[in-house]
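Asker: Just dropping this structure here.
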Amino acid sequence: MRASVTPDAPHLMPGNDPATHDWTLGYGYQWWIPENPDGDFLAIGIYGEFIYVYPKYRVVIAKSSAYVDYNKDGDDMEIETIEMFRAIARQVR
């Protein structure tokens, strides 16, 4: 499991690095890693479906969705949703 959420190349690391990629999420084996990771990771489906896992707080959140503007501003929606998940996880721990 640990290997599956550990990016293994510079272009897969989380954070904004214009030299290697133009997004802030890192990537492992089918898992996305948020910027400034704290052991949390998630699966993201098209149109806004999520499975968010935060082992530190023993929290898993699943979100089903049909975000119609995904192709327009889906990246922004994903970042906002991740921040919401993190806030929820910190409150329910």
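The values are calculated or read from the model by the stated rules, or taken from the named source; none is laboratory data. Everything numeric in this text was worked out from a predicted model, so none of it was measured. Note that we place each Cβ from the backbone using ideal geometry, even for glycine, and neighbour counts take in every protein chain shown. Heads up: the accessible areas ignore ligands, DNA and RNA and are worked out on the full protein's heavy atoms, side chains in. Shrake-Rupley method; radii C 1.70, N 1.55, O 1.52, S 1.80 Å.
Asker: In whole percent, how big is the carbon plus sulfur part of the accessible area of segment 26-93, probe 1.4 Å, protein atoms only?
Answerer: Using a 1.4 Å probe with all protein chains present, segment 26-93 comes out at 52 percent carbon and sulfur.
Asker: Shifting gears a bit: Could you order the peptides 7-13, 45-51 from most to least packed, using the average number of other C-beta atoms within 10 Å per residue? Display every interim value, and only then the final one.
Answerer: Values: 7-13: 13.1, 45-51: 14.7.
Ranked from most to least packed, the peptides come out as 45-51, 7-13.
Asker: How many nm is it between the label spots at residue 68 and residue 84, if each spot is 7 Å from the Cα in line with the beta carbon?
Answerer: 1.7 nm
Asker: Quick one: accessible area per residue over the chain, 1.4 Å probe, rounded to a whole number of Å²?
Answerer: Accessible area per residue: 65 Å².
Asker: Now for a separate question. At what distance in nm do the modelled label points of residue 56 and residue 11 sit from each other, each positioned 7 Å from its Cα along Cα→Cβ?
Answerer: So the label points at residue 56 and residue 11 sit 2.9 nm apart.
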